[in-house]
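Structure record follows, encoded as structure tokens.
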Amino acid sequence: MKDASPQTIYLSDYQPYPFRIARVDLTFGLAPRATRVHSRIEFAPNPARPGRHDLFLHGEKLRLHSARIDGKPVAAEAMAITDEGLTVTARALPDGPFLWEAEVEIDPEGNTALEGLYMSGGMYCTQCEAEGFRKITYYPDRPDVMAPFKVRIESDLPVLLSNGNPVAKGAGWAEWNDPWPKPAYLFALVAGNLVNLPDSFTTRSGRKVDLNIWVRPGDLDRCAFAMDSLIRSMKWDEDVYGREYDLDVFNIVAVDDFNMGAMENKGLNIFNSKLVLASPETATDLDFERIEGVIAHEYFHNWTGNRITCRDWFQLCLKEGLTVFRDQQFTSDMRSGPVKRIEDVLTLRARQFREDMGPLAHPPRPDHFVEINNFYTATVYEKGAEVIGMLKRLVGDDGYARALDLYFERHDGEAATIEDWLKVFEDATGRDLTQFRRWYTDAGTPRLTVAEDWAPGAGGGTFTLTFTQVTPPTPGQDIKPPRVIPVAVGLLNPNGDEVVPTTVLEMTEATQSFAFEGLASRPVASILRGFSAPVVLERAALAAERAFLLAHDTDPFNRWEAGRALAKDVLVRMVTEDAAPSEDYLSALGRLLADEALDPAFRALCLRLPSEDDLAQTLAEAGRSPDPDRIHAAREDLARAIATRFEGPLAQTYEALADAGPFSPDAAAAGRRALRVAALALLNRIDGGARAAALFERATNMTESAAALACLIEADRAEPALAAFHARWKENRLVIDKWFMLQVVHAAPERAAEVAERLAAHPDFDWKNPNRARALLGGLAANHAGFHAASGAAYRFYADWLLRLDALNPQIAARLSTAFETWARYDADRRALVAAELERIRATPGLSRDLSEMTGRILG
Ligand code: 0A1
Ligand code: ZN
């Protein structure tokens with residue numbers, strides 16, 4: 001999409017669309033280079049916009065063959081067409097309802113942006129969120145225009161699918177009817193030579209729903225886990241939210257070329273195949289967990305997104321924050337609550353905190369954008385979910401349940417706003433959420449400092465916690481008034497007993513004190529339990545106190561957090577002072593490793609060292625410019641020190657957890673594998689890859705196979721294993737993505753750019769496939785020291801590819817450009833190198849609106 005002068009769109013300019021749509025009828029004559037789309041749309045004036053209005057329909061890259069109103073061709077002088085759409089002057093429109101009919105031609109095969117109707121491996125598929133429907137036909141492509149759709153597909157392909165319920169089919173055609181009014185972004189069509197895994201689900205009111213997962217013929221044996229996840233999601237949404245499915249069929253289709261993870265089109269979810277296809281041999285435990293979570297996410301959208309949608313794209317977190325929150329609850333119920341919480345916080349810090357502390361910071365509900373596709377961000381999704389978690393903490397579980405019931409009752413069938421959402425909480429609980437709203441409108445991560453005071457007394461002492469919140473300025477928002485922050489706190493006795501169980505303190509001021517009276521002795525405070533708010537807690541705790549919490553905290557999240565804080569303190573001192581790893585940390589880690597009573601998945605998380613990017617962020621926040629090479633070296637040194645000190649217990653853990661019996665993807669078995677490969681990764685630093693080489697030969701599942709391969713790459717003895725892996729999996733695109741990714745992520749930093757360059761020239765590097773492009777480029781960006789190599793080689797290589805990708809698929813190029821968002825952290829030389837690359841990109845003629853917005857914002 002080329003655009004000379006991209007426009008900024010503002011929330012404050014919102015106006016309802018002047019027309020309503022009673023129904024939409026579409027007929028598709030499919031052909032790879034010339035698909036015909038015939039539309040019949042019944043318009044009527046919208047009483048919310050009185051007066052006479054022109055009819056504006058979005059439309060991009062459409063060849064218009066005919067346009068009629070009430071059966072009569074629209075006169076050329078009554079109609080204006082631009083790159084963005086078509087306008088029929090009000091004078092040419094009847095006073096009341098009218099029928100619009102148009103015939104357009106589109107080119108699915110030439111559609112490399114994968115937005116609208118496109119082809120993937122011989123099949124037709126669609127992606128309409130956010131604004132892709134306008135590439136299919138002329139239409140008011142905005143989420144507040146909702147209508148029931150009827151679709152007829154004409155094609156010789158055997159499987160023809162669209163939204164809603166099947167009506168009828170014959171040789172070369174099929175008809176679908178979706179009775180639920182929906183915005184155009186939820187439209188979907190699929191046509192191809194597909195096979196299905198069928199199943200069914202009977203809802204609690206007795207409706208039998210046919211379920212199908214549609215894939216390419218060779219992939220049918222890898223769909224069972226996705227189907228099982230779907231059935232569990234349907235049941236869970238009934239049990240926990242009282243939400244039933246509302247059509248006769250639910251179809252899922254897996255496609256290989258897909259810009260994002262998956263899409264919640266009504267009754268016809270379309271998935272990136274990597275989030276459907278799994279077998280023990282081809283998918284890691286992380287893949288299984290993601291599949292389960294994303295299947296649930298898309299299914300849950302049926303109520304939070306589809307039945308109740310967003311009024312405009314500024315409200316995106318209304319559906320995404322809530323649906324992520326729901327899928328997190330689901331995973332937590334299916335697996336381990338504490339482990340899921342730790343994983344979610346790790347992701348939040350790695351992606352959202354990083355975003356919030358840099359040039360791309362924006363609120364969960366932004367108030368302006370240039371390209372909406374650039375706002376499918378960690379802030380909208382993950383922070384959007386955290387904000388709901390806080391709401392729930394503040395109003396309690398019952399208040400939350402009442403508010404959600406009211407939300408579904410009040411807004412079903414509507415396109416709603418964040419204000420509507422907060423109002424149901426106010427009405428259901430009587431709470432004033434004026435201050436809470438700032439979490440939606442203000443960007444930035446609050447920093448919470450805490451001071452402790454102990455005053456002994458005759459009838460028991462008083463322990464006082466004084467909190468101060470400060471949110472640093474973000475682009476366009478200098479002043480940050482205090483927010484309401486729920487701080488969950490528990491107090492422990494020096495002997496480890498809990499004297500005050502978890503209590504939620506509600507902080508509303510910039511500085512605020514909370515006192516706990518009548519205590520026998522000075523307690524140890526466990527603060528921000530369960531990560532009760534998305535803030536950075538700054539606490540000058542002693543290593544001994546952290547070690548105490550790591551050993552005794554009854555809150556599993558804070559137990560893990562204490563260990564992580566210890567590890568981070570150690571690493572920061574290793575980088576800045578050449579210090580040796582602290583004894584407090586090493587002995588605490590040793591106890592944890594030996595504690596057989598602890599969940600292996602939890603122990604695995606405790607063994608995982610903070611990432612290099614995380615350390616760079618921490619150093620930058622402390623006002624130091626992070627040196628990627630030193631950070632890498634310190635992290636390696638610490639891993640080696642841990643391995644050397646605990647070689648015996650690590651080796652024993654590794655051996656004891658060898659997979660016995662048949663593979664199961666469940667959380668317990670996955671947790672054991674996670675601990676086993678965490679031990680392996682540490683031991684790899686001192687055994688020269690011996691264990692990894694043996695495991696690579698024997699592994700019967702991808703978790704161990706990929707972990708062993710990663711270790712061999714790090715030990716610089718992977719050549720035979722890489723060749724064997726490639727030979728074995730060359731027909732499986734998803735596994736070959738891993739082959740690309742592992743080689744770049746685990747390359748020695750000084751060789752990362754060179755490895756990426758070599759792989760980009762490999763015949764299997766199909767850069768038109770988003771997964772493959774992400775494997776290579778995302779992998780390079782994830783190799784922190786490699787990406788930031790002082791030579792600038794990786795920056796240059798990366799920028800070259802962003803430009804190449806942009807010409808083909810702007811969304812992918814724009815998303816990948818976030819690798820540069822942290823550039824201001826680094827030293828002057830590196831900053832100059834990145835700035836030069838970003839300027840080079842920005843100056844390229846014909847840059848997409850997507851990438852031009854991103855480079856502009858990153859440069860600041
Ligand atoms: N709504 C989907 C994500 C999605 C968003 C945009 C897309 O194309 C630009 C595709 C998918 C979800 O939350 O899963
Ligand atoms: Zn979503």
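In table form, for the structure just shown:
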| read-out | value |
| --- | --- |
| Unique match (being closer than 30 Å to L11 by Cβ and within 13 Å of ligand 2 (Cβ to nearest atom)) among N259, N265 | N265 |
| Selected residue (only one of V345, V380, V370, V339 is at pLDDT 95 or above, within 13 Å of ligand 2 (Cβ to nearest atom) and either in contact with a helix residue (DSSP H, G or I) (Cβ under 8 Å, 6 or more places away or on another chain) or at positive phi (or both)) | V380 |
| Of all residues in segment 597-612 being assigned to a loop (DSSP other than H, G, I, E, B) and among the small types (G, A, S), the one that is modelled with the lowest pLDDT | A597 |
| Hits in segment 112-133 - residues which are more than 18 Å from L160 (Cα to Cα) and within 13 Å of ligand 1 (Cβ to nearest atom) | A113, L114, E115, E129, A130, E131, G132, F133 |
| Unmet requirement for R796, which otherwise passes all of (1) in contact with a Phe, Trp or Tyr (Cβ under 7 Å, 6 or more places away or on another chain); (2) within 15 Å of A813 (Cα to Cα) | (1) |
| Every pair of residues 6+ apart whose Cβ atoms lie under 6 Å, when the first sits in segment 281-306 and is under 18 Å from R243 (Cβ atoms) and among the small types (G, A, S) while the second is within 12 Å of ligand 1 (Cβ to nearest atom) and assigned to a loop (DSSP other than H, G, I, E, B) | G305/E264 |
| Strands (runs of 3 or more DSSP E) fully within segment 166-220 counting 2 or more residues that are closer than 20 Å to Y245 by Cα | 173-182, 195-202, 208-215 |
| Residue match in segment 502-515 (condition: surrounded by 15 or more Cβ atoms within 10 Å (Cβ to Cβ), at negative phi, aromatic (F, W, Y) and at pLDDT 95 or above) | yes |
| Qualifying residues in segment 235-252 (those that are of a type outside the set (S, T, Y) and under 23 Å from V190 (Cα atoms)) - the one farthest from ligand 1 (Cβ to nearest atom) | D248 |
| Residues of segment 387-435 classified as among the aliphatic types (A, V, I, L, M), in a helix (DSSP H, G or I) and either closer than 23 Å to R142 by Cβ or in contact (Cβ under 8 Å) with a residue 24 or more places away in the chain (or both), total | 11 |
| In segment 307-328, residue farthest from the chain's Cα centre (by Cα) [restricted to those that are within 8 Å of ligand 2 (Cβ to nearest atom) and in contact (Cβ under 8 Å) with a residue 24 or more places away in the chain] | T323 |
| Check on D412, surrounded by fewer than 21 Cβ atoms within 10 Å (Cβ to Cβ), among the acidic types (D, E) and in contact with a His (Cβ under 9 Å, 6 or more places away or on another chain) | no |
| Residue check for D578: under 20 Å from E647 (Cα atoms), without any contact (Cβ under 8 Å) to a residue 12 or more places away in the chain and surrounded by fewer than 16 Cβ atoms within 10 Å (Cβ to Cβ) | no |
| Of the criteria (1) at pLDDT below 95; (2) out of contact with any helix residue (DSSP H, G or I) (no Cβ under 8 Å at 6 or more places or on another chain); (3) crowded, with 20+ Cβ neighbours inside 10 Å, which one L491 fails | (1) |
| Total residues in segment 345-364, condition buried (at least 21 other Cβ atoms within 10 Å of the Cβ) and within 16 Å of ligand 1 (Cβ to nearest atom) | 2 |
| Among (1) under 21 Å from L537 (Cα atoms); (2) surrounded by 18 or more Cβ atoms within 10 Å (Cβ to Cβ); (3) of a type outside the set (S, T, Y) - the single one A588 does not satisfy | (1) |
| Residue within segment 324-333 that is touching a Pro at 6+ places or on another chain (Cβ under 6 Å), among the basic types (K, R) and crowded, with 23+ Cβ neighbours inside 10 Å present | no |
| Whichever residue in segment 253-296 is of a type in the set (G, A, S) and under 15 Å from D737 (Cβ atoms) and, among such residues, is nearest to ligand 1 (Cβ to nearest atom) | G261 |
| Qualifying residue in segment 545-554 (condition: of a type in the set (G, A, S), more than 27 Å from L394 (Cα to Cα) and touching a residue at least 40 places away in the same chain (Cβ under 8 Å)) | yes |
| Hits in segment 46-76 - residues which are hydrophobic (A, V, I, L, M, F, W, C) and closer than 20 Å to A147 by Cβ | A48, L55, F56, L57, L62, A67, I69 |
| Any chance A643 is farther than 16 Å from D569 by Cα and outside any loop (DSSP other than H, G, I, E, B) | yes |
| Cross-chain or 6+ apart pairs with Cβ under 6 Å, segment 23-47 first and among the hydroxyl-bearing types (S, T, Y), then at pLDDT 95 or above and assigned to a strand (DSSP E or B) | T27/H38; T27/R152; T35/I106; S39/L26; S39/A102 |
| Selection status of L93, in contact with a Gly (Cβ under 7 Å, 6 or more places away or on another chain) and modelled with pLDDT of 95 or more | no |
| Looking only at segment 297-327, and only at residues there that are among the basic types (K, R) and assigned to a helix (DSSP H, G or I), the one that is nearest to ligand 1 (Cβ to nearest atom) | K319 |
| Any hit, segment 823-837, residues being within 18 Å of R774 (Cβ to Cβ), surrounded by fewer than 23 Cβ atoms within 10 Å (Cβ to Cβ) and among the acidic types (D, E) | no |
| Among residues of segment 268-292, those that are buried (at least 22 other Cβ atoms within 10 Å of the Cβ) and within 14 Å of ligand 2 (Cβ to nearest atom), counted | 4 |
| Residues located in segment 293-304, provided they are more than 16 Å from the chain's Cα centre (by Cα) and either away from ligand 2 (no atom under 13 Å from the Cβ) or not hydroxyl-bearing (S, T, Y) (or both) | N302, W303 |
| Number of positions in segment 643-680 that are in contact with a Cys (Cβ under 8 Å, 6 or more places away or on another chain) and either at pLDDT below 95 or under 14 Å from M702 (Cα atoms) (or both) | 0 |
| Pick from segment 712-740, criterion among the basic types (K, R) and either without any contact (Cβ under 8 Å) to a residue 24 or more places away in the chain or in a loop (DSSP other than H, G, I, E, B) (or both), ranking: nearest to F258 (Cα to Cα) | K730 |
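The values are calculated or read from the model by the stated rules, or taken from the named source; none is laboratory data. This is a predicted model, so every value here is computed, not measured. When we count neighbours, we look across all protein chains shown, and the Cβ atoms used for this are built from the backbone with ideal geometry, even at glycine.
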